[in-house]
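Just below is one structure, and these are the notes that go with it.
The values are calculated or read from the model by the stated rules, or taken from the named source; none is laboratory data. As the structure is a computational prediction, the values presented were derived from the model and not from experiment. Note that each Cβ is placed from the backbone with ideal geometry, even for glycine, and that neighbours are counted across all protein chains shown. These accessible areas exclude ligands, DNA and RNA; they are computed on the full protein's heavy atoms, side chains included. Shrake-Rupley method; radii C 1.70, N 1.55, O 1.52, S 1.80 Å.
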Amino acid sequence: MAINKHILLAVSGGIAAYKSAELVRLLRKNGAEVRVVMTQAATQFVSTLTFQALSGHAVHTDLLNAEAEHAMDHISLARWADALLIAPASANTIAKCSQGLADDLLSTLYLAATCPVYVAPAMNQAMWHHSATQENIAKLKTHGVIVIGPEPGEQACGETGLGRMSEPAAICEQISASTSPQPLQGVSVLISAGPTREPLDPVRYITNRSSGKMGYALANAALQAGANVTLISGPVSLPAPAGVDLVKVDTAAQMYQAIISRAEAHAIYIGTAAVADYTPIEVQPEKIKKHDHETSILLKKTEDILAAVAKLPQRPFTVGFAAETENLAANAVGKLTNKNLDMIAANWVGHNAQNGGFDSEVNALQLFWKNGQKNLALADKRLLAKQLIDVIAERFNEKNTT
Ligand code: PMT
């Protein structure tokens, strides 16, 4: 791990501030130069002297500093930083940053910084789950902030749940990964995500359990890898990562049009969407009435988008997914061959999924390509997406140089 960067560590008030002392040590050990900013609340938990000793520099706590050049630490610190890391980020700090308030050095720095910003939240689990905090986090993500954690476990307040600050080693790893060379720099990547909705009448539709989490995590990972990303999304309730070109669709037919019309202009296509295989032959113009007798719906096949992309004359590097409840490897390899794909990522869904698959925060993948395969163990979908993008980049770059 090498982090040869200027890291500006902003420590806000919370018991996890003690972990940030270790974070400074680890960042420096991995080559980073670190300057530390603390809120007044943070200084109640750990002294400025601790951070001064560990970083080798005076700690900044005040917005207006008569001893600083122009009395404006926030501008010179923001210019100096290659990355701003807010760890721990308290609920209050997250709320202030999401609203653009600037009433202390940390929140002012957040507005002044033009470098990548990382936020490692730490708070009581109920505070983390509160809709106000979740809305604020979603807002930060739309600013392009990379949120690291929080992690589940026992909390200092005695409760158990999501809210612990990620371990310093994990934070360093994430910063190292996103500041290291970008394997898809300038490559255009088209990704499909989420479910489709096939209408039966004006009020009903056929859909599936896809939440879009896997596809959105891939879009984010591809962005972090330097790609220009177009995301074709079925109906989901996730915010799109800042910087992606988002195209929203509802039905399999709309998704087909949106993807086929763009695929040849992209170098890579990743089909993560759970596209309906069948759609009602007829959409009733009025709400279908209830009767005493049984009824049935006639369905017709939809176009297979993935297979159609792979058949295009100027086809992109084409990666499919396989969602299986049985014979995972055999079914996935069948799809790889029959649809003529460059790679397939297979995952269990349903009863065999072991917490992964549809609508879960975690997943595991088995990757297959001609003459190769790799297993990616159960992990948070964000981490898994990064690992998958790394493998795709490797295979794509190899194909393009042979
Ligand atoms: O969205 P999440 O809740 O995070 O869940 C993630 C996921 C389980 C949806 C995802 O990891 C996944 O497996 N996506 C593929 C789902 C799927 O439709 O699998 P399939 O085996 O039925 O289809 C195989 C491939 O063909 C897929 O790449 C699919 O996008 C594609 N396909 C299928 C039908 C169709 N008409 N057109 C297609 O392009």
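Rg over Rh of the chain, using C-alpha atoms and the Kirkwood radius, what does it come to?
Working: Rg = 23.9 Å, Rh = 23.1 Å.
Rg divided by Rh gives 1.04.
Just checking the listed ones, T142, T325, T196: in the Gaussian network model of the chain with Cα springs under 10 Å, the one fluctuating most is T325. Using r as the Cβ-Cβ distance of H291 and S180, and R0 as 60 Å, what FRET efficiency do you calculate, to the nearest 0.05? Computed FRET efficiency for H291 and S180: 0.45.
Calculated FRET efficiency, T207 and E159, Cβ-Cβ r, R0 41 Å, to nearest 0.05?
Values: r = 36 Å, r/R0 = 0.88.
Using R0 = 41 Å, I get an efficiency of 0.70.
Annotation for segment 259-297: trypsin sites (Lys or Arg not before Pro) lying in DSSP loop with at most 11 further Cβ atoms inside 10 Å of their Cβ are K287, K289, K290.
3J(HN,Hα) along segment 330-346, derived from phi through the Karplus expression 6.51 cos²θ - 1.76 cosθ + 1.60 where θ = phi - 60°, amounts to 4, 5, 5, 5, x, 5, 4, 6, 5, 9, 6, 8, 7, 7, 9, 10, 9 Hz, with x in place of Gly and Pro. Here each label is just a point 7 Å from Cα along the line to Cβ, and for I15 and Q314 those points are 5.9 nm apart.
Of W128, W348, the order by accessible heavy-atom surface (1.4 Å probe, DNA, RNA and ligands excluded), from most exposed downward, is W348, W128.
Only Cα pairs under 8 Å and 6+ residues apart enter the sum, and on that basis the relative contact order of segment 188-399 stands at 20 percent. Given a cut-off of 28 Å, what percent of all Cα-Cα pairs of segment 188-399 lie beyond it? Looking at segment 188-399, the distances longer than 28 Å represent 26 percent of pairs. Remark on A322: its backbone amide H falls under 5 Å from those of A345, A346, N347, a criterion applied only to residues 5 or more positions apart or on other chains, H modelled at 1.01 Å from N. Bridge orientation summary for segment 177-246: considering DSSP beta bridges with both residues in this region, about 25 percent are antiparallel. Label reach from Q40 (point 7 Å along Cα→C-beta): in segment 96-123, amide nitrogens under 19 Å belong to 96-97, 101-110. Computed from the Cβ-Cβ distance with R0 of 30 Å, the FRET efficiency linking R25 to L101 stands at 0.45. Spin-label model, D250 to N338: label points 7 Å out along the Cα-to-beta-carbon direction sit 3.0 nm apart. Simple point charges give the picture: +1 on the Cβ of Lys and Arg, -1 on the Cβ of Asp and Glu, and for the chain a dipole about the Cα centre of about 720 debye.
Placing a pseudo-label 7 Å from each Cα along the Cα-to-Cβ vector at E151 and T48 gives an inter-label distance of 3.1 nm. The HN-Hα couplings worked out from phi for segment 390-402 by the Karplus form 6.51 cos²θ - 1.76 cosθ + 1.60 (θ = phi - 60°) are 4, 5, 4, 4, 4, 5, 5, 5, 5, 4, 6, 9, 9 Hz, whole numbers, x standing for Gly and Pro. Computed with a 1.4 Å probe over protein heavy atoms only, the accessible area of V236 comes to about 40 Å².
Dipole magnitude for segment 1-154: computed about the Cα centre from +1 point charges on Lys and Arg Cβ and -1 point charges on Asp and Glu Cβ, it is near 360 debye.
Which value, in nm² and rounded to one decimal, describes the direction-averaged projected area of the C-alpha convex hull of segment 6-179?
Working: hull surface 36.2 nm².
Mean orientational projected area (segment 6-179, Cα hull): 9.0 nm².
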